[in-house]
1. List, please: which pairs have Cβ atoms under 8 Å, are six or more places apart or on different chains, and start with a residue in region 113-126 that is hydrophobic (A, V, I, L, M, F, W, C) and end with one that is open to solvent by 50 Å² or more (accessible area, probe 1.4 Å) and part of a helix (DSSP H, G or I)?
2. Can you tell me which of Thr179, Thr162, Thr154 is hydroxyl-bearing (Ser, Thr, Tyr) and in a loop (DSSP other than H, G, I, E, B)?
3. Just checking, does region 228-239 include any residue being in contact with a Leu (Cβ under 7 Å, 6 or more places away or on another chain), crowded, with 17+ Cβ neighbours inside 10 Å, in contact (Cβ under 8 Å) with a residue 24 or more places away in the chain and not in a loop (DSSP other than H, G, I, E, B)?
4. Against the definition (at pLDDT below 95 and either open to solvent by 50 Å² or more (accessible area, probe 1.4 Å) or farther than 30 Å from Phe64 by Cα (or both)), how does Val102 come out, yes or no?
5. Under the condition of being of a type in the set (D, E, K, R) and surrounded by 14 or more Cβ atoms within 10 Å (Cβ to Cβ), which residue from region 64-82 is nearest to Gln220 (Cα to Cα)?
6. Can you go through Arg146, Arg153 and tell me which one is open to solvent by 20 Å² or more (accessible area, probe 1.4 Å), more than 23 Å from Ala212 (Cα to Cα) and in contact (Cβ under 8 Å) with a residue 40 or more places away in the chain?
7. Take Thr210 and decide whether it is more than 20 Å from Ala97 (Cβ to Cβ), outside any helix (DSSP H, G or I) and open to solvent by less than 40 Å² (accessible area, probe 1.4 Å).
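The values are calculated or read from the model by the stated rules, or taken from the named source; none is laboratory data. Bear in mind that the values here come from a model prediction, so they are computed numbers and not experimental data. For neighbour counting, all protein chains shown are included, and Cβ atoms are generated from backbone atoms with ideal geometry for every residue, glycine included. With ligands, DNA and RNA removed, areas are computed over all heavy atoms of the protein, side chains included. Shrake-Rupley method; radii C 1.70, N 1.55, O 1.52, S 1.80 Å.
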Amino acid sequence: MYSNSIKLIIITVLVLILSGCAAGRAYLPDDIPPMHTVSEFSDDENVSRTRDPWEGFNRSIYKFNYEADRFVFLPVVAGYEKAVPRVARTGVSNFFANLGEVRTFYNCVLQTKGKKSLVTLGRFLTNSTIGIGGLFDPATAIGWRRQDEDFDRTLETWGVDTGPYVVLPILGPNTVRSTSGRAVDGGVRWAIMNSIDPFGGTGASTEVGTGAIVLEVVDQRYRESFRYYDSDYPFEYYMVRYLFSQVRELKVLR
């Protein structure tokens, strides 16, 4: 019973990680010579609607994410790249991206985006069949571009405010609203996986399911090109917060 409880906790955490981007973010020491002033990234005009009342807490989590990335995720990704051929890694990425179409589909429906819903459904059906379970991506080749929607965008469509900026462990930059969106998307994913129980016939459903989730986490970090210390900005915390706000603003305009 105790062992199963531990597995349940691990899977729950991993599912929440996979409900959105799981990339780590950067932390730079203060002794790097400045290339830009902090005001470039921290004034109200630049950060738009991003409020950061918990900056002290966010910075501590930011550094934790750096340590986790440096000592856990990147070494694992390096081993993954050495052990798995590129063509196989591409297939893994395509497979998990295809599963992500489910999240995009129901959020498109909730946002009443009919065209995006149809494109996403068409992509999922095409890649799941012709693409051999999603290992290949023929849908893109025929002109159906991958969409990207989540429950954060759904809440935004419904008029919910973003709330303050928050840096989550492992998950990185977020807002209170996007954190809630991640939780909902993770819950829906959990419910779907439990209802269809794809590994039920293996005799080791929990173990196989956990392994699949771990592989997906590794794949997500593998596909994220961001690396700590690569930017050479002494105020990278502010830079990342600024860029996060800009990406969010661009999504609003889509």
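1. Pairs that qualify, where the first residue is hydrophobic (A, V, I, L, M, F, W, C) and the partner is open to solvent by 50 Å² or more (accessible area, probe 1.4 Å) and part of a helix (DSSP H, G or I), are Leu121/Phe105; Phe124/Val102; Phe124/Phe105.
2. Unique residue meeting the criteria: Thr162.
3. So far as region 228-239 goes, yes, one or more of its residues are in contact with a Leu (Cβ under 7 Å, 6 or more places away or on another chain), crowded, with 17+ Cβ neighbours inside 10 Å, in contact (Cβ under 8 Å) with a residue 24 or more places away in the chain and not in a loop (DSSP other than H, G, I, E, B).
4. Numbers: at pLDDT below 95: no; either open to solvent by 50 Å² or more (accessible area, probe 1.4 Å) or farther than 30 Å from Phe64 by Cα (or both): yes.
No, not satisfied.
5. Asp69
6. None of the other options fit; the residue is Arg153.
7. It is false that Thr210 is more than 20 Å from Ala97 (Cβ to Cβ), outside any helix (DSSP H, G or I) and open to solvent by less than 40 Å² (accessible area, probe 1.4 Å).
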